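Working notes for the structure below.
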Amino acid sequence: MQTELKSKKILGINGIGRIGKLTLWNHLVLRHFDRIVINSGRNLGKSTDDFINYLTTDSTYGSMDRFLYGHTGKKCEIKVLGDDLFEFDGIEVKVLTKERNPRDIPWNKEGVRLVIDCTGVFLDPTVPADQGKGSLRGHLEAGAEKVIISAPFKIKDSCIRRPDDCAMFVYGVNHSAYDPVKHHIISAASCTTTALAHMIKPLLETEETSKIVTASMSTVHAATNNQSILDAPPKANSSDLRRNRMVMNNIIPTSTGAANALEEILPEIKSVGFMADSIRVPVSTVSLISLNLIFRTVLSEGGEPIISKDFINDIFKKAANGSQKELLMYSEKQNVSSDMIGCPAAVVIEGHENHTRTGFLSIDEETLKQFGIGTGKDINIPVTHAKIFGWYDNEFGCYVNCLGKLTKYIYKNMI
C-alpha cells in the first residue's frame, strides 16, 4: 500500500450499475470517505467525457448537480487529475478498468479496506477465492478486509452451511450485531427486506401486536434490470417465464426472497407462517408493500378490540419519532409513487390506507378434545386482521441510503 494512502479513508465499489452509481452519489453527499475507488472491470464509452456523462446523469433522479445541491444552481466541481483519476468536490474518485475477477482487483495497492460489491454477480460466500469466474472471497484475497454485497446471499449448494464469517444486516434493525472480529462478508439484504424489516420491527416491540399468528406480503415493485425491455426467450432451465416478458406494458407476478431474509434479520418471525410475493409494474422506481397480519388480540372491557387502525398507526407514529427516526416515516397524505422518489427513509407508512378488522375464530368442543383441552363448551378466540401499507424508493431512497449508513457504521467499527 502506498504510504500517502494509509492516512486516508478509502472506499472500494465493485460494479457501476444502478446501485454502484447511486452508492457513489450517496457517499459524495455523506463525505465520510476521502477517496473512492471504483472497479468497472471494463472501459466505459469512447472517452473520459463519456464516463463522466454516465456518472453525472440519471434518467430517474436527474443530474448529479441537482441530486447533491437541489435547485440552488450550484454545480459539482469535477477535476480530471490524470488517467482514470478524478476529483468530485474535493473527493478523489479513481476508476479501475482492467480486472473483473475480484481476486485480481488491486485493492491492497489502492489502500482499500472496505469494498461494496454492487455487481449482483458474486452472491455465494461459500465459493473459494480461486474460483475461475471469481467470488466474494476474492476481494479478501486481493487485500480488502471487509466486503458488503448489495443483495442477499445466494448459496447454490443447499447442502453447504453458510460460513460463520458471514452475516446479513439491515441498518436500524439489527446492524449493531456486527462483530468486527467475526464478520468479514456482509450482506445488506435487499430493498424489500429493508423496508419490510422496518415495518415489522415496531410491531414486534409492542406487546399487543407481538403475537402474530400468520402474515403475508405483496410488494408492488418497480421494474429492474433483470427484466426484459421487449419479450425475450427464457434462459435454459428458467422457471420464471414472466421475467422475460416486456417490462414496459405488463403487470408481472413473480417471486421474492424477502420473507426468508426477514427471518434472519428478525429471528422472532421464524415462528410465523410468512408468505411473500412480488408484482412487477412498469415504473422506474418506488415500490409499495401491502402487509397482511393476523394477530391474537384481546377485547377491552366494553368488548371492543384493542388492536385498531388508530392503535396500529400510533405504533408507527411513535417509531417515526423514536428509535427508527428518519428511517421509518409516517404519512397521512394520500400519496402516489412519484411522491416518494428520492425519499431517504427505509419505509414510509401510508397511514391513510391502513385498516383492521376483528373477527372470531370459533373452535368447537370436539376439536378442542383432539388437543387434550376439555372446556365442556365451544370457545371463540378474537383475532385481528391488519392491512398495512409502506412505500419505499427501492433504488436510492430506501436501499442505497440504508446501505450507505451501514457502510459508515462498519468502517467506523473496523479493527
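No lab work stands behind these numbers, since they all come straight from the coordinates. All of these numbers come straight from a predicted model, not from anything done at the bench. Positions of Cβ are generated from backbone atoms using ideal geometry, with glycine treated the same way; all protein chains shown enter the neighbour counts.
To the nearest 20 debye, what is the magnitude of the charge dipole of the chain about its Cα centre, counting +1 on the Cβ of each Lys and Arg and -1 on the Cβ of each Asp and Glu?
880
Which residues does the label zone of Asp310 cover in the range 318-336, counting backbone N under 19 Å from a point 7 Å along Cα→Cβ?
Residues 318-319, 331-333 qualify, since their backbone N sits under 19 Å from the label point.
Between the range 1-55 and the range 267-311, how far is it from one alpha carbon centroid to the other, in angstrom?
Between the Cα centres of the range 1-55 and the range 267-311 lies a distance of 39 Å.
Among Thr72, Thr97, Thr56, determine the one that fluctuates most according to a GNM of the chain built with springs between C-alpha atoms less than 10 Å apart.
Thr72
I need the calculated FRET efficiency for the pair Thr57 and Asp240, taking r as the beta carbon distance and R₀ as 30 Å, to the nearest 0.05.
Efficiency for this residue pair is about 0.40.
Starting from the Cα-Cα distance between Ile251 and Lys387, subtract it from 0.36 nm times their residue separation and give me the gain in nm to one decimal.
Taking Ile251 through Lys387 to full extension adds about 46.8 nm, to one decimal.
Using R₀ = 41 Å, calculate the FRET efficiency as 1/(1 + (r/R₀)^6) where r is the Cβ-Cβ separation of Leu81 and Val181; round to 0.05.
About 0.65, to the nearest 0.05.
What distance in nm separates the two pseudo spin-label positions at His32 and Ala129, each 7 Å out from Cα along the beta-carbon direction?
2.5
Can you give the convex hull volume of the alpha carbon atoms of the range 192-394 per residue, in Å³?
Measuring per residue, one finds 156 Å³ for the Cα hull of the range 192-394.
Enumerate the calculated ³J(HN,Hα) couplings along the range 400-415 in order (Karplus 6.51 cos²θ - 1.76 cosθ + 1.60, θ = phi - 60°), each rounded to whole Hz, writing x wherever the residue is Gly or Pro.
5, 5, 5, 4, x, 5, 5, 4, 4, 4, 5, 4, 5, 9, 5, 7
Note down the relative contact order for the chain as a percent, whole number, built from C-alpha pairs under 8 angstrom at least six residues apart.
Numbers: 859 pairs, mean separation 58.8, N = 415.
Taking the mean separation of contacting Cα pairs over the length of the chain, I get 14 percent.
Output the relative contact order of the range 1-65, whole-number percent, from Cα pairs under 8 angstrom with separation of 6+ residues.
31
How many angstrom lie between the Cα centre of the range 60-80 and the Cα centre of the range 175-243?
So the two Cα centres are separated by 31 Å.
Which value at 222 nm does the chain reach when only helices count, each DSSP H run of 4 or more adding -39,500 (n - 2.57), with the total divided by all residues and rounded to the nearest 500 deg cm²/dmol?
Computed mean residue ellipticity for the chain: -6000 deg cm²/dmol.
Whose amide H sits under 5 Å from the amide H of Ile307, counting only residues 5 or more places off or on another chain, with H placed in the peptide plane?
Val298
Once you keep just the Cα pairs under 8 angstrom separated by 6 or more residues, what percentage relative contact order results for the range 111-196?
After rounding, I find 30 percent.
By counting other Cβ atoms within 10 Å of each Cβ, how are Glu332, Glu92 ranked from fewest to most?
Glu332, Glu92
Of the residues Asp165, Asp378, Asp65, which exhibits the maximal mean-square fluctuation in a Gaussian network model of the chain defined by a 10 Å Cα contact cut-off?
Comparing Asp165, Asp378, Asp65 in the GNM, the peak value goes to Asp378.
If you place +1 on the Cβ of every Lys and Arg and -1 on the Cβ of every Asp and Glu, how big does the dipole about the Cα centre of the range 47-95 come out, in debye to the nearest 20?
Dipole size: approximately 260 debye.
Between Lys156 and Asp65, what is the spin-label point distance in nm, taking each point 7 Å from the Cα along the Cα→C-beta axis?
4.6
Work out how much length Ile415 to Asp165 would gain on full extension: take 0.36 nm times their residue separation and subtract the Cα-Cα distance, in nm to one decimal. If you can, show how the numbers build up before the last one.
Values: separation 250, 0.36 × 250 = 90.00 nm, distance 1.49 nm.
Going from the current span to full extension adds 88.5 nm.
On a full-extension model of 0.36 nm per residue, what is the gain between Glu353 and Glu366, subtracting their alpha-carbon distance, rounded to one decimal in nm?
Numbers: separation 13, 0.36 × 13 = 4.68 nm, distance 4.00 nm.
Length gained, Glu353 through Glu366: 0.7 nm.
GNM, the chain, Cα, under 10 Å: largest mean-square fluctuation among His27, His183, His71?
In this elastic network of the chain, the residue with the biggest mean-square fluctuation among His27, His183, His71 is His71.
Output wanted: per-residue J couplings in Hz (rounded whole) for the range 163-178, from phi through Karplus 6.51 cos²θ - 1.76 cosθ + 1.60, θ = phi - 60°, x for Gly and Pro.
Computed from phi, the couplings for the range 163-178 are x, 5, 7, 10, 7, 10, 10, 10, 4, x, 10, 9, 5, 5, 7, 4 Hz.
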